[in-house]
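Data first, discussion second: the structure below is written as structure tokens.
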Amino acid sequence: MRTAMGIVDSYGYSALIGVAGYHLFPDFIGGPDEEARKHAIAGSRRVLQELMKIRGGSAFIAGERPSLGDFYVAPICFLVSLTSDANEVFTVDGFAGWWKQMQAMPSYQATAPRFG
């Protein structure tokens, strides 16, 4: 769990927010920059690949029960899911099953952002 959170803190947050920000709030991240977007997509994929390696055959990142590691990265993934880059970012072995499980959790559904 702590390893996953450390990866997200050190590498994942800036990469995933870079992808989401390019589409959703470009002025907040310094304006649209295509090179930065491409770099963020590559970094996001690397981070998700590492998290899925940690997950291995388990249901969640740190084992068979959800942990803070899962709940830490899920909101950022939600923002990426709203973008046209989501398919490219999320095409990582193991991610689809994990993401489906996270989205099905009652706690995730109860705290999903409501825009508008």
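The values are calculated or read from the model by the stated rules, or taken from the named source; none is laboratory data. Remember, predicted model here, so these are calculated numbers, not experimental data. For neighbour counting, all protein chains shown are included, and Cβ atoms are generated from backbone atoms with ideal geometry for every residue, glycine included.
The table below lists the values:
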read-out: Residue list for region 45-77, restricted to those being in contact (Cβ under 8 Å) with a residue 60 or more places away in the chain and not in a helix (DSSP H, G or I); value: 61, 62, 67
read-out: Pick from region 41-68, criterion under 15 Å from residue 92 (Cα atoms) and of a type in the set (Gly, Ala, Ser), ranking: surrounded by the fewest Cβ atoms within 10 Å (Cβ to Cβ); value: 57
read-out: Residue in region 60-71 that is over 13 Å from the mean Cα position of the chain (by Cα) and closer than 15 Å to residue 16 by Cα present; value: no
read-out: Checklist (1) surrounded by 14 or more Cβ atoms within 10 Å (Cβ to Cβ); (2) under 13 Å from the mean Cα position of the chain (by Cα) applied to residue 87, failing item; value: (1)
read-out: Output for region 5-33, where each listed residue is surrounded by 12 or more Cβ atoms within 10 Å (Cβ to Cβ), farther than 16 Å from residue 70 by Cα and among the hydrophobic types (A, V, I, L, M, F, W, C); value: 15, 17, 19, 20, 24, 29
read-out: Filter pass, residue 37 being under 20 Å from residue 105 (Cα atoms), at pLDDT 95 or above and either out of contact with any Phe, Trp or Tyr (no Cβ under 6 Å at 6 or more places or on another chain) or basic (Lys, Arg) (or both); value: no
read-out: Residue 41 in contact with a Gly (Cβ under 9 Å, 6 or more places away or on another chain), assigned to a helix (DSSP H, G or I), more than 17 Å from residue 1 (Cβ to Cβ) and without any contact (Cβ under 8 Å) to a residue 60 or more places away in the chain; value: yes
read-out: Filtered residues of region 95-114 (kept if closer than 23 Å to residue 41 by Cβ and surrounded by fewer than 15 Cβ atoms within 10 Å (Cβ to Cβ)); value: 96, 97, 100, 103, 113
read-out: Single condition residue 36 does not satisfy, out of (1) buried (at least 16 other Cβ atoms within 10 Å of the Cβ); (2) among the hydrophobic types (A, V, I, L, M, F, W, C); (3) under 15 Å from the mean Cα position of the chain (by Cα); value: (3)
read-out: Selected residue [at pLDDT 95 or above, part of a loop (DSSP other than H, G, I, E, B) and closer than 20 Å to residue 42 by Cβ] from 80, 92; value: 92
